[in-house]
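K.L.:
Pasting in a structure now, in structure tokens, and then I'll have a few things to ask.
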Amino acid sequence: MSMITTGRATRSTLPRRLAAAVLTTGLLGLGVVSGAAHASPGADCLWAGAAHAPGSTVVAGGWEFTCGYARWLRGPRTDARTTVTNPGAKANPRGRFSAGALQPGTDYTDYCVGDQLIDGRDDIFEVMQDGNGSLWWKAAGPISGWHFDGTTPPPVSWRRSSLCRDGELI
């Protein structure tokens, strides 16, 4: 055990180190340090608005996902049936999905390249989180990688290329 000598008294640093470790672990678990963006104590993961405890596993789109303290960790491909609701990337993920979740694209994820509309349904999107805790959808692969297990893919976008001007969706 290390000791600190301060003039008249000698104190052990072990209790302070333990207190610091407990405080840091507690802050990480509560999402204070991690910047978790949902109401539970920072450890649960959200999937389509439903909370899942750390260590729990769900199946979606042909993958296993495990909750790893406010973030989904994608596991191996699986033939198991989907166990969660998959509405698609149809709105801002904040309060609905935690970072790491995947969803098929929808018209919410449409974008333009020049004057050509790219249908959001062409891709799978993953929830990303920045250092400030903001969440957004980012293209993560072609839709051919999503297994719909008998469910219907999102509908074709209502938008047309006429809504694209120089790479901007108007």
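K.L.:
Please go through the range 95-116 and pick out each residue that is open to solvent by 20 Å² or more (accessible area, probe 1.4 Å), closer than 19 Å to Pro153 by Cα and not in a helix (DSSP H, G or I).
P.N.:
Tyr111
K.L.:
Of the residues that make up the range 84-93, is at least one assigned to a strand (DSSP E or B), open to solvent by less than 50 Å² (accessible area, probe 1.4 Å) and out of contact with any helix residue (DSSP H, G or I) (no Cβ under 7 Å at 6 or more places or on another chain)?
P.N.:
Within the range 84-93, not a single residue is assigned to a strand (DSSP E or B), open to solvent by less than 50 Å² (accessible area, probe 1.4 Å) and out of contact with any helix residue (DSSP H, G or I) (no Cβ under 7 Å at 6 or more places or on another chain).
K.L.:
Just checking, which of Gly88, Gly61, Gly100 is out of contact with any Cys (no Cβ under 6 Å at 6 or more places or on another chain) and over 18 Å from Asp149 (Cα atoms)?
P.N.:
Gly100
K.L.:
Every residue in the range 72-83 that is open to solvent by 40 Å² or more (accessible area, probe 1.4 Å) and within 13 Å of the chain's Cα centre (by Cα), please.
P.N.:
Matches in the range 72-83: Leu73, Arg74.
K.L.:
So which residues in the range 72-81 are touching a residue at least 24 places away in the same chain (Cβ under 8 Å) and either outside any loop (DSSP other than H, G, I, E, B) or in contact with a His (Cβ under 8 Å, 6 or more places away or on another chain) (or both), if there are any at all?
P.N.:
Of all residues in the range 72-81, those touching a residue at least 24 places away in the same chain (Cβ under 8 Å) come to 72-74, 81.
Scanning the range 72-81 gives Trp72, Leu73, Arg74.
K.L.:
Output the number of the condition that Phe125 fails; it satisfies all remaining conditions of (1) in contact with a Phe, Trp or Tyr (Cβ under 9 Å, 6 or more places away or on another chain); (2) crowded, with 18+ Cβ neighbours inside 10 Å; (3) assigned to a loop (DSSP other than H, G, I, E, B).
P.N.:
Here Phe125 meets the rest and fails (3).
K.L.:
I need the full set of residues from the range 140-170 which are more than 20 Å from Thr85 (Cα to Cα), part of a strand (DSSP E or B) and of a type in the set (A, V, I, L, M, F, W, C), in order please.
P.N.:
Those that are more than 20 Å from Thr85 (Cα to Cα), part of a strand (DSSP E or B) and of a type in the set (A, V, I, L, M, F, W, C): Cys164, Leu169.
K.L.:
Can you report the number of residues in the range 45-71 which are open to solvent by 40 Å² or more (accessible area, probe 1.4 Å), of a type outside the set (A, V, I, L, M, F, W, C), at pLDDT 95 or above and not in a strand (DSSP E or B)?
P.N.:
3
The values are calculated or read from the model by the stated rules, or taken from the named source; none is laboratory data. The model shown is predicted, which means the values in this text are computed figures rather than measured ones. Counting neighbours? That spans all protein chains shown, and the Cβs are built from the backbone with ideal geometry, glycine included. In case anyone asks, the SASA skips ligands and DNA or RNA and just uses the protein heavy atoms, side chains included. Shrake-Rupley method; radii C 1.70, N 1.55, O 1.52, S 1.80 Å.
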